[in-house]
Amino acid sequence: MKNGVTINLDKPRTLRYGINALVKVEDLTGKSITALDLSHVGIKDLLIIVYAGLCHEDKTLTLEKVGDLIDEYSNITEIADKLGEAFTLAFGKAEGKQGE
């Protein structure tokens with residue numbers, strides 16, 4: 001099982017991007033995972049990506065609930081940083097062309 005990144009929301013939760021989460025991102029965004037640029041992602045796609053990364057441990061989550069959790073317990077900058085860490089774990093390197 002893929003490693004994950006802990007994010008503190010209503011409780012510590014783990015963002016994890018295995019194949020099922022990545023398929024969920026593609027299904028809900030309508031975009032290929034390779035077409036997503038985490039450094040320029042919109043709020044809707046950001047919410048979908050977080051939701052997909054959390055579903056593995058809580059099947060009762062909805063997009064709206066995840067949005068509420070982010071609003072109440074975190075901020076977009078922190079979420080974006082954690083997503084970057086989690087995608088690095090999933091893919092073995094950071095998305096984009098950093099350092100190239």
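The values are calculated or read from the model by the stated rules, or taken from the named source; none is laboratory data. This one's a predicted model, so the numbers in the text were calculated from it and none came from an experiment. Note that we place each Cβ from the backbone using ideal geometry, even for glycine, and neighbour counts take in every protein chain shown. Surface areas here come from the heavy atoms of the whole protein model, side chains and all, with no ligands, DNA or RNA. Shrake-Rupley method; radii C 1.70, N 1.55, O 1.52, S 1.80 Å.
Among the residues of region 9-23, is there at least one that is of a type in the set (Gly, Ala, Ser), open to solvent by less than 70 Å² (accessible area, probe 1.4 Å) and touching a residue at least 24 places away in the same chain (Cβ under 8 Å)? Within region 9-23, one or more residues are of a type in the set (Gly, Ala, Ser), open to solvent by less than 70 Å² (accessible area, probe 1.4 Å) and touching a residue at least 24 places away in the same chain (Cβ under 8 Å). Summed over region 24-35, residues that are surrounded by 12 or more Cβ atoms within 10 Å (Cβ to Cβ) and within 21 Å of Lys65 (Cα to Cα) total 5.
How about region 50-67: which of its residues are charged (D, E, K, R) and open to solvent by less than 40 Å² (accessible area, probe 1.4 Å)? The one that is charged (D, E, K, R) and open to solvent by less than 40 Å² (accessible area, probe 1.4 Å): Asp58.
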